[in-house]
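Asks: Questions regarding the structure given below will be posed in turn.
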């Protein structure tokens with residue numbers, strides 16, 4: 001029983017950082033992230049002249 005507990009603890013210790021990183025990357029690749037990020041106060045204007053709607057359109061297309 002103690003051996004199983006140690007193996008399970010080792011497995012969780014090794015896999016948890018990987019799962020956490022993969023979850024963070026998955027959140028970044030959602031259209032909701034773009035909407036939240038572009039509507040954040042103080043988000044800089046586009047230097048090339050795109051409007052917020054154009055940035056959301058092209059950003060979501062690039063994520064897909």
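Asks: Of the numbered conditions (1) modelled with pLDDT of 90 or more; (2) surrounded by 11 or more Cβ atoms within 10 Å (Cβ to Cβ); (3) within 21 Å of the chain's Cα centre (by Cα), residue 31 fails exactly one; give the number of that condition.
Replies: (1)
Asks: Here's a follow-up. Can you run down the residue pairs with Cβ atoms below 9 Å, 6 or more apart or on separate chains, where the first is in region 1-29 and within 25 Å of residue 62 (Cα to Cα) and the partner is surrounded by 10 or more Cβ atoms within 10 Å (Cβ to Cβ)?
Replies: 27/33; 28/63; 29/63
Asks: Could you go through region 53-64 and let me know if any residue there is under 12 Å from the mean Cα position of the chain (by Cα) and assigned to a loop (DSSP other than H, G, I, E, B).
Replies: Taking every residue of region 53-64 in turn, none turns out to be under 12 Å from the mean Cα position of the chain (by Cα) and assigned to a loop (DSSP other than H, G, I, E, B).
The values are calculated or read from the model by the stated rules, or taken from the named source; none is laboratory data. Everything numeric in this text was worked out from a predicted model, so none of it was measured. Because the Cβ atoms are built from the backbone with ideal geometry, glycine has one as well, and the counts that use them run over all protein chains shown.
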